[in-house]
1. Within the range 93-104, count every residue that is touching a Phe, Trp or Tyr at 6+ places or on another chain (Cβ under 7 Å) and part of a strand (DSSP E or B).
2. Does residue 77 satisfy the criteria of being open to solvent by less than 80 Å² (accessible area, probe 1.4 Å), under 26 Å from residue 1 (Cβ atoms) and among the polar types (S, T, N, Q)?
3. Which pairs do you get when a residue that is farther than 11 Å from residue 89 by Cα and open to solvent by 30 Å² or more (accessible area, probe 1.4 Å), found in the range 7-27, comes within reach of a residue that is in a strand (DSSP E or B) and of a type in the set (Phe, Trp, Tyr), reach meaning Cβ atoms under 8 angstrom, with the pair 6+ apart or on two chains?
4. Which condition breaks for residue 47 when tested against (1) surrounded by 18 or more Cβ atoms within 10 Å (Cβ to Cβ); (2) in contact with a Leu (Cβ under 8 Å, 6 or more places away or on another chain)?
5. Looking only at the range 60-75, count how many residues are at pLDDT below 95, over 19 Å from residue 108 (Cα atoms) and in contact with a strand residue (DSSP E or B) (Cβ under 9 Å, 6 or more places away or on another chain).
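The values are calculated or read from the model by the stated rules, or taken from the named source; none is laboratory data. Keep in mind that this is a model prediction, so the values were computed, not measured. Note that each Cβ is placed from the backbone with ideal geometry, even for glycine, and that neighbours are counted across all protein chains shown. Quick note on the areas: whole protein, heavy atoms, side chains included, nothing else; ligands and nucleic acids left out. Shrake-Rupley method; radii C 1.70, N 1.55, O 1.52, S 1.80 Å.
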Amino acid sequence: QVRLVESGGGSVQAGGSLRLSCVSSAYTYSHICMGWFRQAPGKEREGVATIYSDGTTNYADSVKDRFSISQDKANNTVYLQMSGLKPEDTAMYYCAAGLRCRVGRPYFKSNDETWGQGTQVTVSS
């Protein structure tokens, strides 16, 4: 069973940067889409970024040109580089692995995703 562990969250001032990491116990053909999602208190969970095994990426409009998702398959790790952070980016960030990425939006099309436990990101004004 694939297990995901996130790290790299913290508290930063607006305009700062953080890099989140997600280490997977294993990658298989059934987990071809990797993604980052976030949920703020009182808000619904939203997709932030996804990356397909061929490197294709999708981002939420709110983070385009500020966040970048990447993967290191050799080390079973997915990253989310966040720059120009804003207070509205404050949320719990979750890494997830799924079978299939949607086209054009940072969400899965499958319903069998594996989720990490999350890492908190807090951005102060």
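1. 6
2. Numbers: open to solvent by less than 80 Å² (accessible area, probe 1.4 Å): yes; under 26 Å from residue 1 (Cβ atoms): yes; among the polar types (S, T, N, Q): yes.
Yes, satisfied.
3. So the pair list comes out as 9/93; 19/79.
4. (2)
5. Qualifying residue count, the range 60-75: 2.
This table checks each residue for (1) farther than 17 Å from residue 19 by Cα; (2) of a type in the set (Val, Ile, Thr); (3) within 10 Å of the chain's Cα centre (by Cα).
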position	(1), (2), (3)
62	yes, no, no
71	no, no, no
74	yes, no, no
79	no, no, yes
104	yes, no, no
